[in-house]
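Quick notes on the structure that follows.
Each reported figure results from applying straightforward, stated rules to the coordinates on display, with no laboratory input. In this text, all values refer to a predicted model and were calculated from it rather than measured experimentally. Virtual Cβ from ideal backbone geometry, glycine too; neighbours counted across all protein chains shown.
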Amino acid sequence: MNRVLGLARRVVLRILVSLVFVYVSLCVLVFLNQRHLVFPVPPGAREPKLFQSALLRLPGPEGSTVYAFHMPGPPGAPTVVHFHGNGEQLSDEIWLGQRYQEAGLGFYAVEYPGYGLAKGGEGPSEKGIYAAAQVALDYLHTQMGVKPEDTVLEGQSLGSGVAVEMATRGQGARLILITPYTSIVDIGARLFPWLPARWLVRDPFDTASKAAGVSLPVLIIHGTKDEVVPVDMGERLGTIFPNATTLILPGKHHNNVTDPADVRERMFQFARGDGTRQAN
């Protein structure tokens, strides 16, 4: 009987050790490959061929090049500084820049290290993206003459975290967040509830922890059918930012919230400073 119990204990111990090994291996695998999940860089490097004069190449950190795209508005008009999603690149934002320009606003978009034209050097990371965004904003103010008070920060999906970080650094007069998340840690915890996301995430983009310190007027746009960033994250951020308006769009998904013309018009009005105190 004792031999049977001893054998059973050894079998159970081996099973437990195997499970722990598999679990730890999965944690290591996720840790090492997480940037491929957070930054699914689209293939190729597409230049805005019809808008070559709008493409800027700026000297960046440690000899790197920061790419930006500028479509000026009328003199004195606000300029929207746009930070794109993690599955896009700079050339994908041309259509949005055209819509802003047609609305009488300037448009300025920034490429992330490791994306599009900025491939070949440093890969994407939270630190690197913030550094590129800061370089681009400094150039906008000092070399292009756009005043900080005439700057509107706008971030979509991944870019929402970049826009909020720039706001904490004193940039921008208003803030537009399209399908924003509370943090990448929270996203990871929902996707992989069985993993210790808080210990594994290298690029947290922790918007929720920064929101209370951002006093700018904020417009949050989120769809109820968002399959990437749950709508409750946008709703939660709307309760943390001191001066936020939350626009929840029934039936809209992650990538089509700005398709309706009336939603874009709301963005244009907000960027111009019209009705920034409106409630949803």
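Projected onto its three principal axes, the C-alpha set of the range 26-178 covers 54, 34, 30 Å, listed from the longest axis down.
Amide H contacts for residue 106 (H built 1.01 Å from N in the peptide plane; partners 5 or more residues away or on another chain; cut-off under 5 Å): 73, 79, 80. For residue 138 and residue 274, a Förster radius of 30 Å and the Cβ-Cβ distance give a FRET efficiency of 0.60, rounded to the nearest 0.05. Once the Cβ-Cβ distance of residue 147 and residue 192 is raised to the sixth power relative to R0 = 35 Å, the FRET efficiency obtained is 0.20.
Computed from Cα atoms, the angle from the helix 126-142 axis to the main principal axis of the chain rounds to 10 degrees.
Couplings 3J(HN,Hα) of the range 254-260, computed from phi: 5, 9, 10, 5, 9, 5, x Hz, in residue order, whole Hz [Karplus 6.51 cos²θ - 1.76 cosθ + 1.60, θ = phi - 60°; x for Gly and Pro].
Taking every Cα-Cα distance in the chain and sorting them into 10 Å bins from zero, the calculated P(r) comes out as 6, 28, 33, 18, 6, 4, 3, 1, 0, 0 percent.
For a test of the definition: using alpha carbon positions, the gyration tensor, and the 1.5 limit on a/c, classify the range 62-112 as rounded, prolate or oblate. Oblate, since a/c reaches 1.5 and b/c is not below a/b. Evaluating 6.51 cos²θ - 1.76 cosθ + 1.60 at θ = phi - 60° for every residue in the range 35-41, the Karplus couplings come out as 5, 6, 7, 6, 10, x, 4 Hz, glycine and proline recorded as x.
At full extension, residue 239 and residue 62 could sit 59.8 nm farther apart than now, given 0.36 nm per residue minus the alpha carbon distance.
So how tilted is helix 158-168 from the main axis of the chain? Cα-based, degrees 0 to 90, rounded to 10. On a 0 to 90 degree scale, this one is about 70. Adding -39500 (n - 2.57) for every DSSP H run of four residues or longer, then dividing by how many residues the chain holds, sets the calculated 222 nm ellipticity at -12500 deg cm²/dmol. By the beta-carbon count within 10 Å of each Cβ, the least crowded to most crowded order of 169, 35, 46, fewest first, is 169, 46, 35. Fully extending the segment from residue 200 to residue 212, taken as 0.36 nm per residue of separation minus the present Cα-Cα distance, adds 1.8 nm. For the chain, a Gaussian network of Cα nodes joined below 10 Å ranks 223, 60, 170 by mean-square fluctuation, and the top entry is 170.
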